[in-house]
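One structure is given here, and the rest of the page talks about it.
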Amino acid sequence: MVKLEQLGPYQLEQRPGVFPLCSDALALGRFATVRKGWRVCDLGTGSGVLLLLLAERQPDLKLCGLDQDPAAAALAQDNLQHNGLEGGIWTGSWSQPPFPPGSFDLVVSNPPYYAPGSGRDGGPARMEREGLDSLCQAAARLLRNGGRFALSFPTERMADLFEAMRRWDLEPKRLKLLSHTPTKPPYALLAEGVRQGKPGLQVLPCLE
């Protein structure tokens with residue numbers, strides 16, 4: 001069944017078989033640094049929700065998305081078109097992105113969380129297919145020097161994330177932990193790195 005969700009001035013269509021809207025994506029859409037006129041790429045775009053959230057915050061973005069699932073890519077393209085937003089969605093692997101190096105100012109991703117064989121059951125949509133290292137490598141390739149990479153990830157894999165980001169010269173600069181209440185431990189994190197950035201990590205309040 002098709003579902004419609006209002007996101008500010010935009011309406012998100014959701015279809016069966018495409019990963020649904022989640023709190024992580026909403027938080028990431030508010031967290032990522034974005035500036036007017038930036039070129040933005042969403043790796044594993046799903047329904048295209050992050051592109052809508054960023055377009056709500058900043059006009060005149062150049063929007064692109066990539067997803068290996070043709071159904072998801074088609075839905076993301078429809079969501080852009082139905083909301084009057086210009087942009088292009090491609091079908092393919094982020095390990096072989098169809099864009100020249102240095103094409104973007106911002107790369108965002110709400111990727112599958114759990115590594116194969118980890119014993120975690122997030123369902124097929126939450127199991128890694130291409131891997132964290134491949135994601136960071138793709139982001140580094142696509143960003144201009146000084147460009148930003150923002151993503152959501154589970155707190156239990158924070159060390160793996162920062163190691164992979166630094167391996168591909170994406171210096172972690174901002175960190176926010178997500179928790180449902182002040183008494184519960186964080187369940188996920190939002191991180192943002194800068195391509196060839198200088199060391200120095202800002203840790204933001206968990207709840208705002």
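Side notes on the structure shown:
- Highest mobility in the GNM of the chain, judged by mean-square fluctuation with C-alpha springs under 10 Å and restricted to D69, D42, D60, is found for D60.
- Largest GNM mean-square fluctuation among K173, K62, K184, using the chain with Cα springs under 10 Å: K184.
- All lysines inside 21 Å of K62 as judged from Cα atoms, apart from same-chain residues fewer than 8 positions distant: K36
- Extension gain, D169-R57: 0.36 nm per intervening residue step, less the Cα-Cα distance, totals 37.6 nm.
- Dipole of the chain, positive direction: furthest Cα of G44, Q196, L66, with charges on the beta-carbon: Q196
- Loop-located GluC sites (Glu not before Pro) in the stretch 1-106 whose Cβ has at most 14 other Cβ within 10 Å (DSSP): E86
- Shape class for the stretch 46-109, computed from the alpha carbon gyration tensor (a ≥ b ≥ c): oblate, with a/c not under 1.5 and a/b at or below b/c.
- Percent of alpha-carbon pairs separated by more than 25 Å within the chain: 32
- Centroid-to-centroid separation of the stretch 151-208 and the stretch 1-78 [C-alpha atoms, Å]: 21
- Straight-distance candidates among the lysines for linking to K184, with alpha-carbon spacing under 19 Å and chain neighbours fewer than 8 residues away dropped: K176.
- Counting DSSP beta bridges with both ends in the chain, the antiparallel % (nearest 5): 50
Bear in mind that the values in this text are calculations on the coordinates, not laboratory data. Note that the coordinates shown come from a computational prediction; the quantities given were computed from them, not determined experimentally. Note that each Cβ is placed from the backbone with ideal geometry, even for glycine, and that neighbours are counted across all protein chains shown.
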